[in-house]
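One structure is given below, encoded as structure tokens.
The values are calculated or read from the model by the stated rules, or taken from the named source; none is laboratory data. Since this is a predicted model, take the numbers as computed values, not measurements. Because the Cβ atoms are built from the backbone with ideal geometry, glycine has one as well, and the counts that use them run over all protein chains shown. Remember, those area values only see protein heavy atoms, side chains included, never the ligands or the DNA or RNA. Shrake-Rupley method; radii C 1.70, N 1.55, O 1.52, S 1.80 Å.
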Amino acid sequence: MDRAEECDSLRANANRGGRLIEQPVIDRDDELICLGHGEDVAAQGGALAPPIVQTSLFGHQSLAELMAGLAHEDSQSVYSRGTNPTVRAVEEKIARLERGEACRCLASGMAAVSAVMMSELKSGDHLLFVNQTYGPTLQLARRLERFGVSHDLLLAIDRRSIEEGLRPETRLIWLESPGTMLCRTLELAPIVELARARGITTAFDNSWASPLFQKPLTHGVDLVVHSATKYIGGHSDVIAGAVIGSSERMRRLFYDALLLNGGVMAPHDAWLLNRGLRTLPVRMRKHHRDGLAVARYLADHPRVRQVFHPAWAESEPSGQLSGYSGLFAFELDSDSFTDIARVVDALEYFRIGVSWGGVESIVISPNRGDNVESLAAQGMPAGLIRLSVGLEGADVLIEDLARALERR
Ligand SMILES: *Cc1c(COP(=O)(O)O)cnc(C)c1O
């Protein structure tokens, strides 16, 4: 795209009413936290990379000291199913990035999701999902029906619909923004207001934006969840999750869920996350820029019906996002699985696979050929193709897409 075309595209976008973020904004403190400033290097024997404390248990000077440790397992290193220094170091960093009091890292994003549900819900409670939601999170809610927890998925995301979706027994509102596949953004202020007035907990899956581009806790949300497998890890080499919130809620989550279901993060995985964090700002800036460039190219392509990227949103609530990640979707001009597969299979630089947020570009379609109705139930068009724009360079990826979209 040359400069004039870029301006046209920008204007067209502005006309859609969206608040386009041309340059991503990353807080200076966040940049320094990611780079490791503030780490207690002396306590690590001078090591600039935090050591991996690969131990299951910790020895004590006396039985009394052990007992004192056991009384505070959420902060003392007694047993690595509770607290481990390598995991602790990355938890403290993620808590600071999200502006939360406390963070716990877990073995996966789903372990984080499960821990929140286990610590916040009981039999008789109702859980409300607002916006398109990660599939396994919804599947978990279906399992929870066995334990007397009911749920609804709400795709109408205006204030009135959300208010009508609440029940007297609603205890948790689950938010994902930008939401799965269609990247629709939620306006947090009215949702938080509704929840607070009724004493309902709000949990927010912030995996899409990473802690650098969105801080839901600063908008009044109670708990933030991450699949750290995605951008925080960032190299497609670790499965990890995190939950961030107030000290009180996180203490409850530790004792009610994490310590007992045992889905803890391994020290080596914590080390990998810490390494991922080092380059998070530089990666996110490139995901923003290249994702937007690829999305713009597709928006003008004759074979593309629609692009689902927050920059193309009808009305992106200003002030929540400070940048875009590289994950978005587009609708092909055909609903047939064969046509979708022809485009996907023709791509050279986009690897075909699940997941996203790593250095390599990834492509997938939710269309399996036999599930058009269930896609429609989540408001998703059959011709959907999702891209995770990696770090190869926008020009390379645009050429790749141009070639693949020529195939008929
Ligand atoms: C991947 C993902 C999860 C689950 O994370 P895992 O690390 O795979 O367990 C949760 N939420 C969203 C939005 C995800 O993309």
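Descriptive notes on the structure:
- Gaussian network model of the chain, Cα within-10 Å springs - most flexible of Phe254, Phe58, Phe328: Phe58
- Counting only lysines at least 8 places from Lys230 when in the same chain, those with an alpha carbon closer than 28 Å to its own are Lys93, Lys215, Lys286.
- Counted over the stretch 28-278, the DSSP beta bridges are approximately 40% antiparallel.
- Inter-part distance where the stretch 72-139 and the stretch 277-334 are each reduced to a Cα centre, Å: 28
- For the stretch 247-262 versus the stretch 218-238, the spacing of their alpha-carbon centroids is 18 Å.
- Top of Leu188, Leu384, Leu212 by mean-square fluctuation, Gaussian network on the chain, Cα under 10 Å: Leu188
- Net charge dipole size for the chain [Lys, Arg +1 and Asp, Glu -1 on Cβ; Debye, nearest 20]: 400
- Average accessible area per residue (Å²) across the chain - probe 1.4 Å, nucleic acids and ligands excluded: 43
- For Gln76, neighbours were defined as the other residues whose beta-carbon sits under 11 Å from its Cβ, and their charges (Lys and Arg +1, Asp and Glu -1) total -2.
- For the stretch 161-320, the gyration tensor built on C-alpha atoms gives an oblate shape. Its axis ratio a/c (a ≥ b ≥ c) is at least 1.5, and a/b is not larger than b/c.
- Carbon and sulfur %, accessible surface of the stretch 28-278 computed with the full protein complex present, 1.4 Å: 53
- Within the stretch 280-405, antiparallel bridges make up roughly 85 percent of the DSSP beta bridges whose residues both belong there.
- Taking only protein heavy atoms and a 1.4 Å probe, the accessible area of the stretch 280-405 is 51% carbon and sulfur.
- Taking 25 °C and 0.890 mPa s as conditions, the stretch 280-405 diffuses translationally at an estimated 166 µm²/s according to Stokes-Einstein applied to its Kirkwood radius (Cα pairs).
- The charge dipole of the stretch 105-201, taken about its Cα centre with unit charges on the Cβ atoms of Lys, Arg (+1), Asp and Glu (-1) only, comes to about 200 debye.
- Around the Cα centre of the stretch 133-272, unit charges on the Cβ atoms of Lys, Arg, Asp and Glu (plus for the first two, minus for the last two) sum to a dipole of about 180 debye.
- Paramagnetic reach from Asp158 (point 7 Å along Cα→Cβ, amide N under 19 Å) across the stretch 165-186: 165-166, 184-186
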